[in-house]
Amino acid sequence: MLKQASADAVVLAPASTATASIIWLHGLGADGYDFVPIVPELRLPPGLPARFIFPHAPVRAVTINNGMRMRAWYDILDLTPGGPQDEAGIRDSAAILERFVQRERDAGIAASRIVVAGFSQGGAIALHAALRHAERLAGVMALSTYLPLRTTLAAEASPVNRDLPILMCHGQFDAVLPLRLGSSSRDLLSAQGYAVEWKEYPMQHQVCMEEVQDISAWLQARLAGAPPR
């Protein structure tokens, strides 16, 4: 794959014309390079030429980290259930993700061939944005994360993405975002009628090889077949 870097993202482009796009958001304090090494591990078949886009989050102060400035999709004020959330930051970063989706649409990729994904904070933005997106997407991958602004989803959900394929993966021993944060988000989504494929692994706040293999199989199932003309 051909790697291209810019001020706002790292892009891995296939040697042939891309027929699908995966936009993958990193976690707190990382950057777009964080998940680049996973792409070859996915071992996607040559018949699925996908472009991977890894955006960089803005730099901002993070309250829970003593106000240190780092790349973050939003400020984290509190991680207790029902605690305050940085709604403005979450919505601003969802708008950033929407712009990346539109770039892929402008490049000729159908919405139904675009997967949005993210790890930790990035997964929270991916979930938030995908469920509200105006066009039907291929799916959303939410890795070691939770659903933010959950009380607004019912009113803001996009009807066309009510049956959106959702993959949620979480570590059983995650001490950063405990398993219950992910499982309670899964339960809320299920209660609102979403079909969530849930997988958990004996790991901490990370990604393991079994998960990478599951992600690959899920992506291939979502993006199989010829793209729409």
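For Cα pairs less than 8 Å apart in space and 6+ apart in sequence, what is the mean separation divided by the residue count of the chain, i.e. the relative contact order in percent? Kindly include the intermediate steps, with their values, before the conclusion.
On the way: 471 pairs, mean separation 38.3, N = 229.
Computed value for the chain: 17 percent relative contact order.
Of the listed values (i) 22.1; (ii) 19.7; (iii) 17.5, identify the label whose number matches Kirkwood radius over Cα pairs in Å calculated from this model.
Computed from the coordinates, Kirkwood radius over Cα pairs in Å corresponds to (iii).
Provide the gained length on full extension for the span Asn65 to Tyr33, in nm with one decimal, where the gain is 0.36 nm per separating residue minus the Cα-Cα distance.
Working: separation 32, 0.36 × 32 = 11.52 nm, distance 2.18 nm.
Extra length available between Asn65 and Tyr33 comes to 9.3 nm.
How big is D, in µm² s⁻¹, for the range 98-229 by Stokes-Einstein at 20 °C and 1.002 mPa s if Rh is the Kirkwood radius over C-alpha pairs? Intermediate results must be reported in sequence, preceding the final value.
On the way: Rh = 15.0 Å.
So the translational diffusion coefficient is about 143 µm²/s.
Run the 1.4 Å probe and let me know the accessible area of Glu87, rounded to the nearest 10 Å².
That residue has around 90 Å² of solvent-accessible surface.
Using a 1.4 angstrom probe on the protein heavy atoms only, could you order Lys199, Lys3 from most to least accessible area?
Details: Lys199 60, Lys3 125 Å².
Accessible-area ranking of Lys199, Lys3, largest first: Lys3, Lys199.
Per residue, how much accessible area does the range 97-178 have with a 1.4 Å probe, in Å²? List each step's numbers first, then the result.
Numbers: 2610 Å² over 82 residues.
About 32 Å² of surface per residue is accessible.
Just going by the charge dipole of the chain, with Lys and Arg at +1 and Asp and Glu at -1 on Cβ, which of Pro37, Pro14, Gln192 is farthest out on the positive end?
Pro14
Return the distance in nm (one decimal) between the two label points of a simple spin-label model at Ala155 and Gln102, each offset 7 Å from Cα along Cα→Cβ.
Placing both labels 7 Å along Cα→Cβ, they lie 2.4 nm apart.
Quick check: the distance between the Cα centres of the range 4-34 and the range 126-140, to the nearest angstrom?
Result: 18 Å between the Cα centres.
Expressed as a whole percentage, what fraction of the accessible surface of the range 134-229 belongs to carbon and sulfur atoms when a 1.4 Å probe is rolled over the protein heavy atoms?
Numbers: 2350 of 4410 Å².
On the range 134-229, the fraction of accessible area on carbon and sulfur atoms equals 53 percent.
Placing +1 at every Lys and Arg Cβ and -1 at every Asp and Glu Cβ, with all other atoms neutral, what dipole size does the range 1-74 have around its Cα centre, in debye to the nearest 20? Intermediate results must be reported in sequence, preceding the final value.
Details: 6 positive and 4 negative charges, 15 e Å.
So the dipole magnitude of the range 1-74 works out to roughly 80 debye.
In a solvent-free Debye calculation with one equal scatterer on each Cα, what is log10 I(q)/I(0) for the range 175-229 at q = 0.15 Å⁻¹, listed in the order of the q values?
For the range 175-229 at q = 0.15 Å⁻¹, log10 I(q)/I(0) is -0.60.
Taking the Cβ-Cβ separation of Leu77 and Ala224 as r and a Förster radius of 30 Å, what is the calculated FRET efficiency to the nearest 0.05? If you can, show how the numbers build up before the last one.
On the way: r = 41 Å, r/R0 = 1.37.
Between Leu77 and Ala224 the formula returns 0.15.
Through the Karplus equation 6.51 cos²θ - 1.76 cosθ + 1.60, θ set to phi - 60°, convert the phi angles of the range 127-143 into ³J(HN,Hα) values in whole Hz; use x for Gly and Pro.
Listing the rounded values in order: 4, 4, 6, 4, 6, 10, 5, 6, 10, 5, 8, 6, x, 9, 10, 10, 9 Hz.
Using a Förster radius of 41 Å, what is the FRET efficiency between Ala175 and Glu135 based on their Cβ-Cβ separation? Nearest 0.05, please. Can you show the working numbers first?
On the way: r = 37 Å, r/R0 = 0.91.
My answer for the efficiency is 0.65.
Using only the alpha-carbon atoms of the range 1-97, report the extent along each of the three principal axes, biggest first, to the nearest angstrom.
Largest to smallest, the principal-axis extents are 45, 25, 24 Å.
Ranked from the most accessible area to the least, with a 1.4 Å probe and all protein chains present, what is the order of Leu2, Leu181? Numbers along the way, then the final one.
Details: Leu2 105, Leu181 20 Å².
Sorted descending by solvent-accessible area, the residues read Leu2, Leu181.
Roughly to the nearest percent, how much of the accessible area of the range 1-131 is carbon and sulfur, given a 1.4 Å probe? Each step should come with its number before you reach the end.
Numbers: 2940 of 5530 Å².
Answer for the range 1-131: carbon and sulfur cover 53 percent of the accessible area.
So what is the 222 nm mean residue ellipticity for the chain from helices alone, if each DSSP H run of at least 4 adds -39500 (n - 2.57) and you divide by all residues, rounding to the nearest 500 deg cm²/dmol?
Working: 6 runs with 67 residues, N = 229.
For the chain, the value works out to -9000 deg cm²/dmol.
Over the range 11-54, what relative contact order in percent results from Cα pairs under 8 Å that are six or more residues apart? Write down the numbers at each step before the final one.
On the way: 53 pairs, mean separation 29.5, N = 44.
Once divided by the residue count of the range 11-54, the mean separation gives 67 percent.
Ser112 to Asp187: FRET efficiency via 1/(1 + (r/R0)^6), r the Cβ-Cβ distance, R0 45 Å, to the nearest 0.05? Spell out each step's value before the answer.
Numbers: r = 28 Å, r/R0 = 0.61.
For R0 = 45 Å, the calculated efficiency reads 0.95.
Please sort 16-22, 214-220 by packing, taking for each peptide the average over its residues of neighbouring beta carbons within 10 angstrom, highest first.
Numbers: 16-22: 19.6, 214-220: 17.4.
Taking the mean over residues of other Cβ atoms within 10 Å, the ranking is 16-22, 214-220.
The values are calculated or read from the model by the stated rules, or taken from the named source; none is laboratory data. Quick caveat, the model's predicted, so the values are computed rather than measured. So basically every Cβ, Gly included, is an ideal-geometry build from the backbone, and we count neighbours across all protein chains shown. SASA here: full protein model, heavy atoms, side chains in, ligands and nucleic acids out. Shrake-Rupley method; radii C 1.70, N 1.55, O 1.52, S 1.80 Å.
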